[in-house]
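Down below is the structure, laid out as structure tokens.
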Amino acid sequence: MKHILVPIGSTENSINTLQYAINFAEATNVKVFVMRAYKVLTKAGAFVNADDTMQRETNLYLRAMINSVDRKNVAIKMITAKGDVLESITAIDRELGMDLIIMGPKSNSIKEEVFLGNTSGSVLKQTNIPMLIVPDGYQFSPIKSVLTAFKSGIMNKENVLNPLNKILKTFNASSNLLLVKTPNYTEEDLVLDSNLGEIKNELTVTENATTFQGVLEHFQSHNPDLLCVFRRNRGFFQKLWEKNTILKKEFHCNIPLLVLRGKL
């Protein structure tokens, strides 16, 4: 893992998310790319240099954000992107290669009942880059325990565990696996892939209707510093994927949530 992308929104928590990302980058020895996307609405009567003005204001905003945090000698690069956030992230990843996105759960929404806002939710749902969601106001601390939840030990994609492996190695964290036997599971699902076996300190097998319910049942007993799940078409957020915005009554996590990509 070499590059972390931190999309900056307009909420007060953005500074906290950026500081978390910098602290995380210092511990893992990676480079931070801070980005903010902007749009220029073209309409009759708009002044000619609107694009230049928006770019300049966005640059000033990013500089102010970076100047508001402790940089800790971490390499930080600014990216001002014109256009949609998702399209910008895709373009940046294609050009520079991003290993992880760190975002707050709400980049623009200030509604208290919302856990995952529309922008953060759409990025989580539609990009192919692993994502670390940092709760509002959460302060960085070394990760000592990780709970990784899944419903099948079969892995069909290489390197999907890279971000998790980096975290476990950097912080010498314990790795607890939670295998949730959901309805219609197969015996093959209960066999751990060798890559999962290599990171296992403890394995818990439970039976629940969904992986999500399995996490709810066992979260308190494991008391992790980081929850890790996998994004699949029919996985941890199976029903929540139907929309981008997720309310706290549907799902809420008060510790960082690492969402890995790939079939598992």
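The values are calculated or read from the model by the stated rules, or taken from the named source; none is laboratory data. Note that the structure is a prediction, hence the values are computed from the model and not measured. Cβ sites come from the backbone with ideal geometry, for glycine too, and all protein chains shown count toward neighbours. For accessibility, only protein heavy atoms count, side chains too; no ligands or nucleic acids. Shrake-Rupley method; radii C 1.70, N 1.55, O 1.52, S 1.80 Å.
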For this session: Kindly provide the set of residues from segment 168-186 that are among the hydrophobic types (A, V, I, L, M, F, W, C) and in contact with a strand residue (DSSP E or B) (Cβ under 7 Å, 6 or more places away or on another chain), ordered by number.
Result: LEU168, ALA173, LEU177, LEU178, LEU179, VAL180
For this session: Among what's in segment 14-48 and is over 22 Å from ASP84 (Cβ atoms) and modelled with pLDDT under 85, pick the residue that is least open to solvent (accessible area, probe 1.4 Å).
Result: GLY45
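The rows are residues; the columns are (1) at pLDDT 95 or above; (2) closer than 30 Å to GLU158 by Cβ.
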position	(1), (2)
GLN55	no, no
ALA81	no, yes
VAL85	no, yes
ILE102	yes, yes
SER120	no, yes
LYS144	yes, yes
Exercise. So, in segment 164-194, of the ones that are at pLDDT 95 or above and among the charged types (D, E, K, R), which residue ends up surrounded by the most Cβ atoms within 10 Å (Cβ to Cβ)?
Worked result: LYS166
Seminar exercise, completed: Checked segment 195-223 for anything surrounded by 16 or more Cβ atoms within 10 Å (Cβ to Cβ) and over 15 Å from THR148 (Cβ atoms); matches are ASN208, THR210
For this session: Could you tell me which numbered condition ILE154 fails, if it satisfies all but one of (1) open to solvent by 50 Å² or more (accessible area, probe 1.4 Å); (2) touching a Cys at 6+ places or on another chain (Cβ under 9 Å); (3) hydrophobic (A, V, I, L, M, F, W, C)?
Result: (2)
Problem set entry | Meets criteria (assigned by the TED database to the domain that holds ARG71, β-branched (Val, Ile, Thr) and at pLDDT below 95) for THR211 | no
